[in-house]
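The values are calculated or read from the model by the stated rules, or taken from the named source; none is laboratory data. Since the model is a prediction, treat every value here as computed from it, not as a measurement. No Cβ is skipped: glycine too gets one built from the backbone with ideal geometry, and neighbour counts run over all protein chains shown. All accessible areas refer to the heavy atoms of the entire protein, side chains included, with ligands and DNA or RNA removed. Shrake-Rupley method; radii C 1.70, N 1.55, O 1.52, S 1.80 Å.
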Amino acid sequence: MTAGTTLPPLTTTAEHELAALQREHGRPLFALLLRLCDGDRQRAEDLVQETFVRAWQHPEALRADDFDSVRPWLLTVGRRLAIDARRARQARPPEVGDAVLENVRVMADHAERAAAALDVREAVKTLTPEHRDVLVLVYFQGASVAEAATVLGIPPGTVKSRAYYALRALRRVLPGYAADLR
């Protein structure tokens, strides 16, 4: 290049037109998208940008003589992009940050609970019928000592005694569950 030559302009006519479109229609488009994004400014800004990318990709739509302004086309494209983005977010599970997971209470796994229930069921089968009947009524069906005594036809003190010895026998059969049986 010689000293007298000038460099070509860094922007094209299309870029100038796009900048003019953004100056003229950017605020109303942003306002619409901000409402459609429930006030999420970042998402609305992203959708504005995507709308103008679509306008840049389809200059023929912006130059159509069918309408006086390109604003309806821009607002329609932006609205459709917002609807598509909302549907995409609803189709996948919500994102959870690490900070939220740190505060989540840890719960026992359902499989562990089912296995424990099977272990207890097998251990209860090893009890005498008298002890088993008291445990089933008091601990599994929620009957009071007096109700269990009435159903079984025995004194309440006997219900308490059988429940004590039944739990003690279960502690021996289920040593890993001893803390749960106190």
Once both label points are put 7 Å beyond Cα along the C-beta direction, the Y139-H16 separation in nm becomes 8.7 nm
Phi-derived 3J(HN,Hα) across region 158-163 with the Karplus relation (6.51, -1.76, 1.60, θ = phi - 60°), rounded Hz, x for Gly and Pro, is 5, 4, 4, 5, 5, 5
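Expected output is a single nm value to one decimal: the length gained when fully extending between D40 and R87, i.e. 0.36 nm times separation in residues minus the C-alpha distance. What is it?
Numbers: separation 47, 0.36 × 47 = 16.92 nm, distance 1.57 nm.
Additional length available on full extension: 15.4 nm.
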Plugging the Cβ-Cβ distance of E147 and A115 into 1/(1 + (r/R0)^6) at R0 = 30 Å yields, to the nearest 0.05, a FRET efficiency of 0.45
Expected field for T158, accessible surface area in Å² at 1.4 Å probe radius, rounded to 10, holds 50 Å²
The ³J(HN,Hα) series, computed from each phi in region 122-136 with the Karplus coefficients 6.51, -1.76 and 1.60 at θ = phi - 60°, rounded to the nearest Hz and given as x for glycine or proline, is 5, 5, 5, 5, 7, 6, 5, x, 5, 5, 4, 4, 5, 4, 4
